[in-house]
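Enquirer: Got a structure here, written out as structure tokens. Questions coming.
Nothing in this text is a laboratory measurement; each read-out follows from the coordinates by a stated rule. Note that the coordinates shown come from a computational prediction; the quantities given were computed from them, not determined experimentally. Cβ placement follows ideal geometry from the backbone for every residue including glycine, while neighbour counts extend to all protein chains displayed.
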Ligand code: FDA
């Protein structure tokens, strides 16, 4: 892995750096590029604007690694309130939610995370929308997939996220490519050891393409999350080869990243979903976005140093 990326991802877990970044005046400007705001109203407003542009949305209430039951409960309440708002604003047919199990208690007790995620899924069903479980670091993958299987007994539409950088993921794609299965494929955003993950960017890309093939050959609904121009092109080619029509798969990109490309793909008739994060706990999310692109980091460090 690129050493700068490793450094930034390490800083994501360091309290002193967290404090420095969170209190720097510049942070707000940088955060605003990737995060839609701190409140549900900010998020719903940004969702309405994207929908008006022909895009669909998945909303993430920021927060992760909760070891506090009360905080996990507050996260669930935030999702329930958000789903009500999406329903009231008639956005639920264009906007779903993404949930990190670690934000609803996974580190405390897998059953607690399952119960909390079930409450969010039940509310989503009432509102006429869906839920996708985000993928976190590899130590949580087995637990997250167990919870996914439980949730799918009641709500078969619950989406999974698989990370192409993990060596196991091609097999997971094959397993999860059945009828009705919604799977988001991304490269993966955490610092992982070479024993479980490909370290070389080219190897990750090759794995991504193998996984694209698995998912397109299957009977599920693949959701290809990448901004990588080469991969976007390959996905289009492979989709045609597998005779997949628009509407039988989708592209996904992050809020604030390649907005022109998001709209170009939508105008070409594709379903394009924007991952829209909001909330006060933006630090871990921001650090992963900075780690993805050295240009973002340089911009951020210059601003932090006041130059
Ligand atoms: P790559 O990082 O190679 O970037 C390709 C090009 O895209 C860059 O050259 C640049 O032009 C542009 N680009 C990419 N990132 C950028 C950025 N931050 N700022 C500006 N330009 C950028 N990960 C995870 O571990 N678990 C998850 O649940 C999710 N969920 C998720 C949802 C969605 C909708 C997306 C798009 C991504 C995720 N991810 C994720 C993150 C994912 O794993 C990955 O870290 C990023 O998408 C970056 O990888 P790319 O495929 O975009 O390629």
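Enquirer: Which value in nm describes the separation of the simple spin-label points at residue 73 and residue 122, placed 7 Å from the Cα toward the beta carbon?
Expert: Using points 7 Å along Cα→Cβ, the separation is 1.6 nm.
Enquirer: Within a 10 angstrom radius of the beta carbon, how do 155, 241, 282 rank from fewest other beta carbons to most? Could you put the intermediate results ahead of the total?
Expert: Numbers: 155 16, 241 11, 282 24.
The fewest-first ordering by Cβ neighbours comes to 241, 155, 282.
Enquirer: Working out 0.36 nm times the residue gap between residue 233 and residue 93, then minus their Cα-Cα distance, what length gain in nm do you get to one decimal?
Expert: Full extension of this stretch gives 47.6 nm more.
Enquirer: Pop a pseudo-label 7 angstrom from the Cα along the beta-carbon direction at both residue 49 and residue 210 and give the gap in nm to one decimal.
Expert: 4.1 nm
Enquirer: Given the chain, what percent of its DSSP beta bridges are antiparallel, to the nearest 5? Can you show the working numbers first?
Expert: Details: 1 of 31 bridges.
The answer is about 5 percent antiparallel.
Enquirer: Size of the range 38-280 along its principal axes in angstrom, Cα-based, largest extent first?
Expert: Extents along the principal axes: 46, 43, 31 Å.
Enquirer: Counting only helical runs of four or more DSSP H residues, what would the 222 nm mean residue ellipticity of the chain come to if each run contributes -39,500 (n - 2.57) and the total is spread over all its residues?
Expert: -16000 deg cm²/dmol
Enquirer: Can you grab the distance from the C-alpha centre of the range 236-265 to the C-alpha centre of the range 25-92, Å, no decimals?
Expert: Each part reduced to its Cα centre gives a spacing of 23 Å.
Enquirer: Sort 253-265, 219-231 for me by packing, meaning the mean count of neighbouring Cβ atoms within 10 Å per residue, highest on top.
Expert: Highest to lowest by the protection proxy: 219-231, 253-265.
Enquirer: Right, another one. If contacts are Cα pairs under 8 angstrom and at least 6 residues apart, what is the relative contact order of the chain in percent? Could the numbers behind the result be given before it?
Expert: Working: 508 pairs, mean separation 75.2, N = 307.
Relative contact order comes out at 24 percent.
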